[in-house]
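This report refers to the structure that appears directly beneath it.
A short reminder: the numbers here are calculations on the coordinates, not readings from a lab. Owing to the predicted nature of the structure, the values given are computational and were not obtained by experimental measurement. Here the Cβ positions follow ideal geometry from the backbone for every residue, glycine too, while neighbour counts run over all protein chains shown.
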């Protein structure tokens, strides 16, 4: 029996929806790998110092505010460095006068300095990479399912539905 001519094949626009999680996933994986590489590089540099939060900067971000610690520390060579940490959070995450551990690369302390966030820094980056990988996987699964549905539709339309479709009941 020939398939129902009233039915329409899966839309090619649906395939475009698979691009959204694919692009999002790639971006998350790249950011995650970049963060993990930077954390690893800082970890391997072996340079760390005690720092002090000298101010907490209130920065406007996408309809809200983030609070970034401004930290001052002295390198092993005696250079005093002050930097704004890239990991911003809520207003209670850091207090002026708080002591923090700072990692830095000896050759470029001002450019590379970061407050030690312990295991949470690694966890956040790894979790972001996992979400990105899951998003990529879902996009691929959706695309493959859509291709299968299009192929089954075409086979039914030309009358080869049950012979060529291995999932068809026998």
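Ranking of 103, 83 by neighbouring Cβ atoms within 10 Å, starting from the fewest: 83, 103.
Rg/Rh for region 15-157 to two decimals, with Rh computed the Kirkwood way over all alpha-carbon pairs.
Working: Rg = 21.5 Å, Rh = 17.9 Å.
Answer for region 15-157: 1.20.
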